């Protein structure tokens, strides 16, 4: 399940940057946004499956889940505000911080890879 979760996350990240770049060029991105939202559903489903398969759910797992949902929310906020022509600078900073927290928590926790 971890591989499916990581694959959905990488797919969402790639699609997010494609949507942002196409928006910068002034092109329509509705179809890609719907595919991106489908990848969000896959991320949430696989994340919940891993979360509820844990024997011991600690605070760090809950924090990682909340931060993961925040990353998805920030993706959507950046896309929506960029489409309206508003400043997205603070959202990019928040996305960098929260995404780094999710990655670090993912590597630190027992289900993650042993890099740290």
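Here are a few things to note about the model shown:
- Of the residues making up the range 1-19, those that are touching a helix residue (DSSP H, G or I) at 6+ places or on another chain (Cβ under 8 Å), in a helix (DSSP H, G or I) and surrounded by fewer than 18 Cβ atoms within 10 Å (Cβ to Cβ) number 4.
- Residue 50 being modelled with pLDDT under 95, out of contact with any strand residue (DSSP E or B) (no Cβ under 9 Å at 6 or more places or on another chain), closer than 18 Å to residue 4 by Cα and exposed (fewer than 15 other Cβ atoms within 10 Å of the Cβ): no
- The range 73-90, subset within 14 Å of residue 25 (Cα to Cα) and touching a residue at least 60 places away in the same chain (Cβ under 8 Å), residue surrounded by the fewest Cβ atoms within 10 Å (Cβ to Cβ): 83
- The single condition from (1) touching a helix residue (DSSP H, G or I) at 6+ places or on another chain (Cβ under 6 Å); (2) surrounded by fewer than 16 Cβ atoms within 10 Å (Cβ to Cβ); (3) closer than 24 Å to residue 91 by Cβ that residue 26 fails is (1).
- Hey, residue 95 in contact (Cβ under 8 Å) with a residue 24 or more places away in the chain, closer than 25 Å to residue 108 by Cα and surrounded by fewer than 19 Cβ atoms within 10 Å (Cβ to Cβ) or not: no
The values are calculated or read from the model by the stated rules, or taken from the named source; none is laboratory data. Quantities reported herein were computed from a predicted structural model and do not represent experimental measurements. For neighbour counting, all protein chains shown are included, and Cβ atoms are generated from backbone atoms with ideal geometry for every residue, glycine included.
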